[in-house]
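Right, one structure below, let's go through it.
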Amino acid sequence: MGRPRDVALALPRRRPGGPPVRAPHGTPAEEPVRREPAPGVGGGGARLGARHRRRRGRGRGAPLPAALGVRDRPRAGPAGDRDLEPAARAAEDRPVRPAPPQAAGPAPPPISGHQDALDGVRALAALAVLAFHVASASGAMTRQGGSGWLFNGGQVGVPIFFTLSGLLLYRPWAAAVLDGRAAPRVGGYLLKRALRIMPAYWALIVVFMVTSARAHLDDPPTWGSLLTLTQTYLPDPWWGGGLGPPRIGQTWSLVVEVSWYALLPLTAPLLAWYAKRVPTRDPGVRAKRLLRAIGVYGALSFVYVVFMFVPDRHTQMGLWLPHFFVWFAIGMAMAVVTVWARLDQRRPVAAMCRAVADSWGACWAAAAMLYVVAATPATGPYTLQTPDALWTSVLHLVVFGLVAAALVAPIAFAPAGHPVIEGVLGNRVMRFLGRISYGVFLWQMIILLGWYDAADRMYRGHVLTDLPLLAAASIAAATVSYYLVEKPVTALLRRRPPRAGRGVRDDPGRTVPDPVAPRARTRSRRAPARGRPS
């Protein structure tokens, strides 16, 4: 065998009179090294080298991608190593673009923006309350035999509404504690809540006074208590107490809701003060303290229940806000968890959110089973009254709260665009019903009781035939109310220009980052991206 030719490594030489050409890893390139082949090796050395270079292009020896800051070195051509110098200099002068960031895992739950699936939950809650009222007025729930008692669980619509309020309205305050962003402005928050709730409600009161309470048209206390949503606090009203005036008795829960709205700007700073009493800004530490404080806040409901029955029973106290702190606390806790999971996607809390969202079927099955328990007399009587005993009041709070939590949690923790959840609750029909759900809640009783009185069918109706008819009438009235009253008023809110440097809150609980905020521009002026030469 003939003597093989020398094999030269394709390394760039020093540039004459200048610094050495830098290799991709930042080390100076050395002079070409000539190696003598081992004895007995024939002229196949060059072929082995070529084969090795071809293997590098196909398999393990492939060059690292340029996105990692390493570029493949140009190889020697027929003209020799001198031809490498311009190519090497061009490779050194060419900037290396950093690789796009890779997601650490599935998308976290949203903490801002509109969630279509929650509109579907509002629709379910409003229709559940309607079914409960129809079954009660038709007498189906109190008849012996049959399955009419199942409609007693329709009361679950109230804790669902309260849980949604806790989730959506407290979420901006939770983000302010954990992420350091600005808390909602109290004046703007209260104005938006008032414009969202009061105009349609005032329209209902005018219709009610003209059609069902003409004898009290000239009674200022009646107008004052109804227009300010304080009717359940009156000691001796003309309607005799209970849930409220006939045909608008369902508005007792709206009194509770508005009371919670007014109290939230005081509650949220107290919770934030407790969460920040630690020498750290770790969102996990603050989130745990927030959850503990919210747990105490919810436990106040059970303390309040004791005073409802000890030493004597006070029925009217069962309609006041402290009785329902626990249902709002469920939503507030969900708000803290979603913000925490969004800020720290590598901690177990993010994995827990993904697990709950992926277990939507199990959660909703549990909600259905708990609904059956809630419909039994264990949680209270089959009437439009508050529970009549201490232990039934406690079970009422616990079981109905668990139903609301099992229904809402998978939706709150799911990433945006979840195919099943969005398909079931975020479709076009459910979104529309969710938009008009407030009107369905407002107008259902005045329509329902008016129809039963006119048809002389009170407690003698049939829920399976009455419910579709009354649901259609309530949806029609709610649609008119939405387009004539609610939508024009909310359109006024969107015309107000946002302040620079703050989030654009198009509705309480829904925060959209301001694209021209100084904070966003500051982030773009941080250290240069990884992999870019400095």
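The values are calculated or read from the model by the stated rules, or taken from the named source; none is laboratory data. Only a predicted model underlies this, so the values are computations on that prediction, with no experimental measurement involved. In this analysis, Cβ positions are derived from the backbone assuming ideal geometry, glycine residues included, and neighbour counts consider all displayed protein chains.
Restricted to the stretch 202-246, and to residues that are assigned to a loop (DSSP other than H, G, I, E, B) and of a type in the set (A, V, I, L, M, F, W, C), which residue is surrounded by the fewest Cβ atoms within 10 Å (Cβ to Cβ)? Even if it seems obvious, please write down each step before you answer.
First pass over the stretch 202-246, keeping only residues assigned to a loop (DSSP other than H, G, I, E, B): 213, 217-219, 228-230, 234-246.
With of a type in the set (A, V, I, L, M, F, W, C) added as a condition, the list becomes 213, 217, 229, 234, 238-239, 243.
On the way: Ala213: 20, Leu217: 10, Leu229: 21, Leu234: 15, Trp238: 13, Trp239: 16, Leu243: 22.
If we take residues in the stretch 202-246 being assigned to a loop (DSSP other than H, G, I, E, B) and of a type in the set (A, V, I, L, M, F, W, C), then Leu217 is surrounded by the fewest Cβ atoms within 10 Å (Cβ to Cβ).
Under 6 Å between Cβ atoms, which residue pairs at least 6 apart in sequence (or on different chains) link something in the stretch 233-257 that is closer than 15 Å to Leu321 by Cα with a partner that is aromatic (Phe, Trp, Tyr)?
As it stands, the answer is Leu243/Trp252; Val256/Phe324, since those pairs meet every condition given.
Residues Tyr274, Tyr304: which one is without any contact (Cβ under 8 Å) to a residue 24 or more places away in the chain, within 20 Å of Leu402 (Cβ to Cβ) and among the aromatic types (Phe, Trp, Tyr)?
Values: Tyr274 fails: within 20 Å of Leu402 (Cβ to Cβ).
Selected residue: Tyr304, the only one of Tyr274, Tyr304 that is without any contact (Cβ under 8 Å) to a residue 24 or more places away in the chain, within 20 Å of Leu402 (Cβ to Cβ) and among the aromatic types (Phe, Trp, Tyr).
With the requirement that a residue be β-branched (Val, Ile, Thr) and either part of a helix (DSSP H, G or I) or on the phi > 0 side of the Ramachandran plot (or both), what does the stretch 434-460 give you?
Step one: of the stretch 434-460, the residues β-branched (Val, Ile, Thr) are 436, 440, 446-447.
Of everything in the stretch 434-460, those that are β-branched (Val, Ile, Thr) and either part of a helix (DSSP H, G or I) or on the phi > 0 side of the Ramachandran plot (or both) turn out to be Val440, Ile446, Ile447.
Check Val398, Val394 and return the single one that is within 25 Å of the chain's Cα centre (by Cα) and β-branched (Val, Ile, Thr). Full working, then the answer.
Working: Val394 fails: within 25 Å of the chain's Cα centre (by Cα).
Testing whether each residue is within 25 Å of the chain's Cα centre (by Cα) and β-branched (Val, Ile, Thr) leaves just Val398.
Within the stretch 309-344, restricting attention to residues that are crowded, with 24+ Cβ neighbours inside 10 Å and aromatic (Phe, Trp, Tyr), which residue is farthest from Ser393 (Cα to Cα)?
Ranking the candidates gives Trp340 first.
Tell me which residues, restricted to the stretch 312-362, are among the hydroxyl-bearing types (Ser, Thr, Tyr) and closer than 23 Å to Tyr170 by Cβ. Don't jump to the end; show me each part of the working.
Initial filter on the stretch 312-362 (among the hydroxyl-bearing types (Ser, Thr, Tyr)): 315, 338, 359.
Result: Thr338, single match.
Which residues, counting only those in the stretch 345-368, are over 18 Å from the mean Cα position of the chain (by Cα) and surrounded by fewer than 19 Cβ atoms within 10 Å (Cβ to Cβ)?
Filtering the stretch 345-368 for residues over 18 Å from the mean Cα position of the chain (by Cα) gives 346-348, 361-362, 365-368.
Passing the criteria: Arg346, Arg347, Pro348, Gly361, Ala362, Ala365, Ala366, Ala368.
Considering each residue of the stretch 258-283, count those that are surrounded by 21 or more Cβ atoms within 10 Å (Cβ to Cβ) and more than 21 Å from Arg185 (Cβ to Cβ), and give that number.
Number satisfying all stated conditions: 1.
Do any helices (runs of 4 or more DSSP H) entirely within the stretch 283-394 hold 2 or more residues that are closer than 28 Å to Arg181 by Cβ, and if so, which?
Working: elements: 283-309, 325-343, 348-358, 360-374.
Helices (runs of 4 or more DSSP H) meeting the threshold: 283-309, 325-343, 348-358.
Does Tyr382 satisfy the criteria of being modelled with pLDDT of 95 or more and in the same structural domain as Trp252 (by TED's automatic domain parsing)?
On the way: modelled with pLDDT of 95 or more: no; in the same structural domain as Trp252 (by TED's automatic domain parsing): yes.
Answer is no for this residue.
For Ser112, are the conditions met, namely being of a type in the set (S, T, N, Q) and either under 24 Å from Val480 (Cβ atoms) or free of Cβ contacts under 8 Å to residues at least 12 places away in the same chain (or both)?
No, not satisfied.
When you go through Thr228, Thr267 one by one, which is the residue that is touching a residue at least 24 places away in the same chain (Cβ under 8 Å) and of a type outside the set (A, V, I, L, M, F, W, C)? Quick ask: steps written out before the conclusion?
Details: Thr228 fails: touching a residue at least 24 places away in the same chain (Cβ under 8 Å).
Result: Thr267 is the single residue among Thr228, Thr267 that is touching a residue at least 24 places away in the same chain (Cβ under 8 Å) and of a type outside the set (A, V, I, L, M, F, W, C).
Given the condition touching a Pro at 6+ places or on another chain (Cβ under 9 Å), over 19 Å from Thr251 (Cα atoms) and not acidic (Asp, Glu), answer yes or no: does some residue in the stretch 427-437 qualify? Before you say what the answer is, go through the steps one by one.
Step one: filter the stretch 427-437 for residues touching a Pro at 6+ places or on another chain (Cβ under 9 Å), giving none.
No: zero hits.
Does Ile421 satisfy the condition of being more than 23 Å from the chain's Cα centre (by Cα), in contact (Cβ under 8 Å) with a residue 60 or more places away in the chain and in the same structural domain as Ala128 (by TED's automatic domain parsing)? If you could, list the steps in order and put the result at the bottom.
Details: more than 23 Å from the chain's Cα centre (by Cα): no; in contact (Cβ under 8 Å) with a residue 60 or more places away in the chain: yes; in the same structural domain as Ala128 (by TED's automatic domain parsing): yes.
So Ile421 does not fit the description; no.
Can you confirm whether the stretch 164-185 contains a residue that is of a type in the set (Ser, Thr, Tyr), buried (at least 24 other Cβ atoms within 10 Å of the Cβ), assigned to a helix (DSSP H, G or I) and modelled with pLDDT of 95 or more? Break it down stepwise before answering.
Let us first name the residues in the stretch 164-185 that are of a type in the set (Ser, Thr, Tyr), namely 165, 170.
Those left that are additionally buried (at least 24 other Cβ atoms within 10 Å of the Cβ): 170.
Those still in the list that are assigned to a helix (DSSP H, G or I) too: 170.
Narrowing the set further to residues that are modelled with pLDDT of 95 or more leaves 170.
Yes, the stretch 164-185 has at least one match.
Let's see how each residue does on (1) out of contact with any Ser or Thr (no Cβ under 7 Å at 6 or more places or on another chain); (2) in contact (Cβ under 8 Å) with a residue 12 or more places away in the chain; (3) not assigned by TED's automatic domain parsing to the domain that holds Arg196:
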{"position": "Ala375", "(1), (2), (3)": "yes, yes, no"}
{"position": "Leu397", "(1), (2), (3)": "no, yes, no"}
{"position": "Phe413", "(1), (2), (3)": "no, yes, no"}
{"position": "Ser437", "(1), (2), (3)": "yes, yes, no"}
{"position": "Ala455", "(1), (2), (3)": "yes, no, no"}
